[in-house]
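One structure is given below, encoded as structure tokens.
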Amino acid sequence: MALHFTSEQRLDDVLERNFVLGEIPGTLWTPASAPAPLILLGHPPLGLHRMYPRLVARAQHAAADGFAAATIELPGSGDRPRWLAAQQVRADLHRARKAGEPVSDEIIDALTLPLVDKAVPEWQAALNALLSLPDIGGPVGYSGGVISIGIRLAAVEPRIVAACLFAGSFVPRAIFEEARQVTIPLHVLLQWDDEGNDRQAALDLFDAFGSKEKSLHANMGGHTGVPQFAGEGAARFFTRHLK
């Protein structure tokens with residue numbers, strides 16, 4: 001798939017360019033220093049427009065450390081075609097949680113595995129296109145969620161050499177097995193009081209990773225209460241492994 005830029009603007013010392021890759025929208029942020037190592041910014045399937053304030057803040061912090069950053073719209077999100085099966089599963093999930101019932105493995109699998117199967121090849125196609133640009137160099141890191149997408153990418157994509165993963169989403173049992181195949185350095189963020197996250201499952205997942213270098217950084221607070229210094233720790237992690 002060919003990448004075509006559709007708009008650009010300068011945010012202080014960062015060049016922000018929107019693009020389409022086939023029918024997949026995305027955004028690339030590049031620092032003044034180029035070529036730069038690349039960090040792929042993962043995010044939940046809420047739509048790039050809704051996630052933009054958080055994504056651009058992460059990209060600007062990355063650029064201050066000399067990294068380019070890029071993201072793409074996930075399948076079924078934003079302006080991409082609706083994914084009716086996923087909408088039904090999300091409705092089942094909300095009903096179970098509202099009723100105080102445990103979320104079944106069937107719901108977790110149906111919610112997550114099709115998204116991973118669709119999203120990971122798209123991330124790889126984006127990586128192919130981005131690495132062909134003159135202002136992007138290697139190596140490559142992955143930062144963010146959905147954690148199952150990050151795990152699959154870390155397991156199958158050799159160009160990704162380090163990952164900062166955000167715990168806080170449901171993880172199918174099959175992804176636990178894939179986590180054992182992950183061997184790159186990992187920096188994992190966990191909100192200890194995340195109301196939507198099974199803390200023990202997050203700890204078990206961390207234990208499952210096959211990486212010789214892996215660190216778990218747990219902070220008090222709910223899902224959206226990640227402290228600023230947690231991002232600073234992730235930045236130091238990428239500086240060690242991408243430069």
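The values are calculated or read from the model by the stated rules, or taken from the named source; none is laboratory data. Predicted model only: the values in this text are computed from it and were never measured. FYI the Cβ positions are ideal-geometry reconstructions off the backbone, even for glycines, and counts take in every protein chain you see.
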Members of the stretch 180-207 that are over 17 Å from Ala234 (Cα atoms), buried (at least 17 other Cβ atoms within 10 Å of the Cβ) and of a type in the set (A, V, I, L, M):
Val182, Ala202, Leu205
Subset tally (residues that are out of contact with any Leu (no Cβ under 7 Å at 6 or more places or on another chain) and touching a residue at least 12 places away in the same chain (Cβ under 8 Å)) for the stretch 1-26
16
Being in contact with a Phe, Trp or Tyr (Cβ under 6 Å, 6 or more places away or on another chain) and among the β-branched types (Val, Ile, Thr), is that true of even one residue in the stretch 127-136?
no
Among the residues of the stretch 70-110, count how many are under 26 Å from Asn128 (Cα atoms) and either more than 23 Å from the chain's Cα centre (by Cα) or not in a loop (DSSP other than H, G, I, E, B) (or both).
3
Taking the stretch 27-40 and keeping residues touching a residue at least 40 places away in the same chain (Cβ under 8 Å) and either in contact with a Phe, Trp or Tyr (Cβ under 9 Å, 6 or more places away or on another chain) or surrounded by 18 or more Cβ atoms within 10 Å (Cβ to Cβ) (or both) leaves Thr27, Leu28, Trp29, Thr30, Ala36, Pro37, Leu38, Ile39, Leu40
Please specify each residue of the stretch 170-179 satisfying the condition of being surrounded by fewer than 20 Cβ atoms within 10 Å (Cβ to Cβ) and either small (Gly, Ala, Ser) or on the phi > 0 side of the Ramachandran plot (or both).
Ala174
Conditions first: (1) under 18 Å from the mean Cα position of the chain (by Cα); (2) surrounded by fewer than 20 Cβ atoms within 10 Å (Cβ to Cβ); (3) over 27 Å from Ala64 (Cα atoms). Arg159 passes all but one, so which condition is the exception?
(3)
Subset of the stretch 153-173 (residues that are hydrophobic (A, V, I, L, M, F, W, C) and more than 18 Å from Leu216 (Cβ to Cβ)):
Leu153, Ala155, Val156, Ile160, Val161, Phe170
Number of the condition not met by Ala91 [criteria: (1) of a type in the set (A, V, I, L, M); (2) surrounded by fewer than 16 Cβ atoms within 10 Å (Cβ to Cβ); (3) within 30 Å of Phe237 (Cα to Cα)]:
(3)
Residue hits (the stretch 127-162; within 25 Å of Leu46 (Cβ to Cβ) and not aliphatic (A, V, I, L, M)) are Gly141, Tyr142, Ser143, Gly144, Gly145, Ser148, Gly150, Arg152, Glu157
Quick check on my filter: what residues within the stretch 47-69 are part of a helix (DSSP H, G or I), under 22 Å from Leu115 (Cβ atoms) and not basic (Lys, Arg)?
Leu48, His49, Met51, Tyr52, Leu55
Being modelled with pLDDT of 95 or more and touching a strand residue (DSSP E or B) at 6+ places or on another chain (Cβ under 7 Å) is the filter here; which residues of the stretch 59-88 pass it?
Ala59, Gln60, Ala62, Ala63, Gly66, Phe67, Ala68, Ala69, Ala70, Thr71, Ile72, Glu73
Being under 27 Å from His94 (Cβ atoms), in contact with a strand residue (DSSP E or B) (Cβ under 6 Å, 6 or more places away or on another chain) and part of a helix (DSSP H, G or I) is the filter here; which residues of the stretch 153-205 pass it?
Ala202
